[in-house]
Every structure is written in structure tokens, then in C-alpha cells.
Amino acid sequence: MAFMFFNSLLLLLLLLLLQISCSRFSLALQENSSATVRSGQINSNSVLVALLDSHYTELAELVEKALLLQTLEETVGKHNITIFAPKNEALERDLDPEFKRFLLEPGNLKSLQTLLLYHIVPARIDRHSWPKSTSALTHHFTLSNERVELSGDDSSGEKFIGSAKVISSNAVDRPDGVIHGIEQLLIPRSVQQDFNNRRSLRSISAVKPEGAPEVDPRTHRLKKPAPPVKPGAPPVLPIYDAMAPGPSLAPAPAPGPGGPHHHFNGMRQVKDFIQTLIQYGGYNEMADILVNLTSLATEMGRLVSEGYVLTVLAPNDEAMAKLTTDQLSEPGAPEQIIYYHIIPEYQTEESMYNAVRRFGKVSYDTLRLPHKVLAQEADGSVRFGHSDGSAYLFDPDIYTDGRISVQGIDGVLFPLEEKAKEEKKTIKVATVKPRRGKLLEAACRMLVAIGQDSRFTSCRL
């Protein structure tokens, strides 16, 4: 009896152990199956596999270097994606070598990831869902949490994303996404700002002492050296002296951190902000005037190299299109217009708005002497100029690198014309006609009374 009880107890324990083992095995099988399902989301027909195997090899290499494959796999597992892939030439030959070197530095991995994620939209955008005209614009958030603008040209049928032209729509079409080939690289403002700041910090260096000591010819003693100028200090001379046209008027170069040594590369910074204007879109006319119609880009680069700072109020293309031929045809007219839009200070949208909020109206000097541009608060923004020809701060902080600040406005500014006209005083001279008969009568009477000539005695009075 006890033996049978022991056998049944042993059999019960074996059954319990067998049930526990089976449950563990089934649980492990479920985990393996779920892992297989998760890993099975990225199959050979995925848009990511197509990207790595496509002719967009430069973009695929950057995605691998930026360690974004895992992030993109998770994104594709949740929803469809749209990839705007620049052609290989845009990344090999057209891209600034210094900017590419900046992206590939190990310390700038975050900027590289932001740049690449700016080319990916977490939604499917086919060629049929693209805007048909420039008026019907659409905006989409990218994986970098920044917006891109899609537009189209109804006359030519061309498609654009920002300022980049789409050269191959639906180049790769897969169930989980689509790839559009574009003409150039899309650079978000945050990455461009990081690149400008990094390069400006790198360009600042101390000024080394140079030259032999000078002797005063009157006292035959050494001249006292000028106090050292700290790196980054403003130039000693005002900017208007640096703009003097002739050698007889132009002073020596400003002994600032740039001076004759050019510790600030002004030409490169001017080139950067002009490229930023073009990539930003809507300011091509301003860039064309600076580079092609005038030599202001060269002059601004020289001023920045000598340590001066500038704030440019850039009218957009819509405002520039309202200029008439007479306003631009006179000699020096484009230069005078742009001079009135350049402030010899470094101002941002925040600093100007705080100033007009505090003081109501602020007058800023311009490079067009002696005219000043008036700024005041209006509708929660900054308005420049007077009531008739005013312009609002439309696109704030398009470019800010610590030396040059570019603020977009929606109108072209003109100074108030001086209406001091000299009044011409007309003096009326009263003319009296001589009465010939009465004068002759008076003369005859005088001669007869004197009796000097008998011929006048016969005058008939």
C-alpha cells in the first residue's frame, strides 16, 4: 500500500515537471517567433535595402557612417517613408570640401545625423500627391523634426523640394517607401549654423607683434607702443573711414583682430551668407545684385576681414520685383539702395525687437550717409522705414555667424527725400513810361525864362 502511494506521488511529480518544461518551451518559442517577426519587417523588398543597393552610393555610405540603419529600420517598421536622395555628383564634386570634412569629423556625428534625417519624411509621398503649382505649397515634417517645403511648376511640370529640383521622381518604389532623386543636398538651418559657428571660432587667433620700434624725430625717443588690442575687439577707425574711395582719403587698415593680417576671412563669410540666401529661397535678386550687378560682395568681405560687423536687411524677391527700371538705371543706384539696407552693427531679430519694445522707435545708422533707417514695433514684429515705404521683418535670422547678420524684410526701403527747396523771390520793378509832351513843355519854359536862345522863344506851349 505504501509502495503504491509512493509510485503515484513520484508519477505526479514527473507530470508536474513535464508541464513546467512544456510551458517554458512554448514561451521561448513565442519569443523566437516574435523576434523573427520583428526582424522580418526588413526584407529584401524594403526601401532601405533598395537604397543600399541603388546608384545613390554616396548617400548610402553616409547613412552607414552616421549609424542610422537601426533608427531607419525601426521607422520603416512603423510606417512608410519617403527618401529624397541627392545624386552622387552633389556629394562628390558640388559639395564644399570644408563642409564635407566638417560632417565627417567624429565630433560632428549629431550634425551628420540631422542632415541625413532631414532628407527623410515619415510618410509616403508619391509623384501623384505632389503639388501641381507654386501657389499650392505643402509642408512636411522630416525625421529631424524640421519642415521641408514641396512645390511644383504647373507650366513645366517640374517638382521642387525647397530649392532643390527633383530630377527623378519615384526612382525607387517599394511597399514600405519611395525614393525621389534630387539635384542637390538639402542643408537644414541648424546644421549650417553649427558649421558657421565652428568655422568662426576656428578663424579667430591672436595678433602677433610685428615691426621694429619707431623713433620720434622731434624728441629722438622711442614712440610709446599702442596698447595691445584684444582678439575680437572692434576696429579703432569708424567703418566710413574704411570705405573711403581714394588713397589720399583712405586711412591705414583698422588695427583690429583682422587688420592687415586678415584674421577674419571676410570673403569666405560673405560667400557663406550669399549661399545661405540662395539655399533659403526667395532672395535670389538680392544675391544677384551683391555678386553680379555690383561689387558690394567684395567690399563687404574686405570690411569683415578688417574686423567690422554688418547687419543686412535683405528684401525678398517679391519686393525687389517692384523696383522700376528708372530706379535701377541711374549710375550707382543699385549700390545706394543696398547701402541703405546695411547697418554697421551686429543686430539679431531678438536684439532689435527688444530695442523697439523698450524705446518705441530706434534709428540705426546705414552705410548710406547721412541717412538712417527707422525701426519700430508693429504687430508683434519690427517694422522698418516710414509709413509710406515701410517693410516688416519677414524672415528673421536667415544668417548669423557673429560677424554678419542677415534679416529678411518684405519691402525695399528708401530714405526720406530732402524737400528743402529754395524759394525764389521775384522782385517786381515798376517801370514808368515817360510822358514826352509834358517834359518838352517844361524844357521850353525854362529856356524862354532864361533867355539864352531866341530860337526857343517861338516854342509853342
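Among the helices (runs of 4 or more DSSP H) lying completely within the stretch 262-346, list those that include at least 2 residues that are free of Cβ contacts under 8 Å to residues at least 40 places away in the same chain. Hits in the stretch 262-346: 266-280, 284-288, 296-305, 325-329, 333-339.
Looking only at residues in the stretch 170-198 that are surrounded by fewer than 18 Cβ atoms within 10 Å (Cβ to Cβ) and over 30 Å from Thr400 (Cβ atoms), the one that is farthest from the chain's Cα centre (by Cα) is Pro175. Restricting attention to the stretch 362-384, does a residue exist that is part of a helix (DSSP H, G or I), hydrophobic (A, V, I, L, M, F, W, C), touching a residue at least 24 places away in the same chain (Cβ under 8 Å) and buried (at least 18 other Cβ atoms within 10 Å of the Cβ)? Among the residues of the stretch 362-384, not one is part of a helix (DSSP H, G or I), hydrophobic (A, V, I, L, M, F, W, C), touching a residue at least 24 places away in the same chain (Cβ under 8 Å) and buried (at least 18 other Cβ atoms within 10 Å of the Cβ), which makes the answer no. Can you tell me which residue among Pro235, Pro251, Pro255, Pro247 is at pLDDT below 55 and either surrounded by 18 or more Cβ atoms within 10 Å (Cβ to Cβ) or touching a Gly at 6+ places or on another chain (Cβ under 9 Å) (or both)? Only one candidate qualifies: Pro255. Of all the numbered requirements in (1) in contact with a strand residue (DSSP E or B) (Cβ under 6 Å, 6 or more places away or on another chain); (2) at pLDDT below 90, His180 misses one, and that requirement is (2).
For Val148, state whether it is open to solvent by less than 60 Å² (accessible area, probe 1.4 Å), under 15 Å from Ala164 (Cα atoms) and modelled with pLDDT of 90 or more. Answer is yes for this residue. Evaluating Val166 against the criteria (1) farther than 30 Å from Arg268 by Cβ; (2) at pLDDT 90 or above; (3) surrounded by fewer than 20 Cβ atoms within 10 Å (Cβ to Cβ); (4) within 29 Å of the chain's Cα centre (by Cα) leaves one unmet condition, (3). For Ile42, the conditions (1) surrounded by 16 or more Cβ atoms within 10 Å (Cβ to Cβ); (2) over 23 Å from Val166 (Cβ atoms); (3) at pLDDT 85 or above are fulfilled apart from (3). Cβ-Cβ distances below 6 Å connect no pair with a first residue in the stretch 393-407 that is touching a residue at least 24 places away in the same chain (Cβ under 8 Å) and outside the structural domain of Leu374 (by the TED database), a second residue that is of a type outside the set (Val, Ile, Thr) and assigned to a loop (DSSP other than H, G, I, E, B), and a separation of six or more residues or different chains.
The values are calculated or read from the model by the stated rules, or taken from the named source; none is laboratory data. Note that the structure is predicted; figures quoted are calculated from it, not measured. Cβ: placed from backbone, ideal geometry, glycine included. Neighbour counts: every protein chain shown. Ligands, DNA and RNA are stripped out before the accessible areas are found, and what is left, the full protein with its side chains, is counted by its heavy atoms. Shrake-Rupley method; radii C 1.70, N 1.55, O 1.52, S 1.80 Å.
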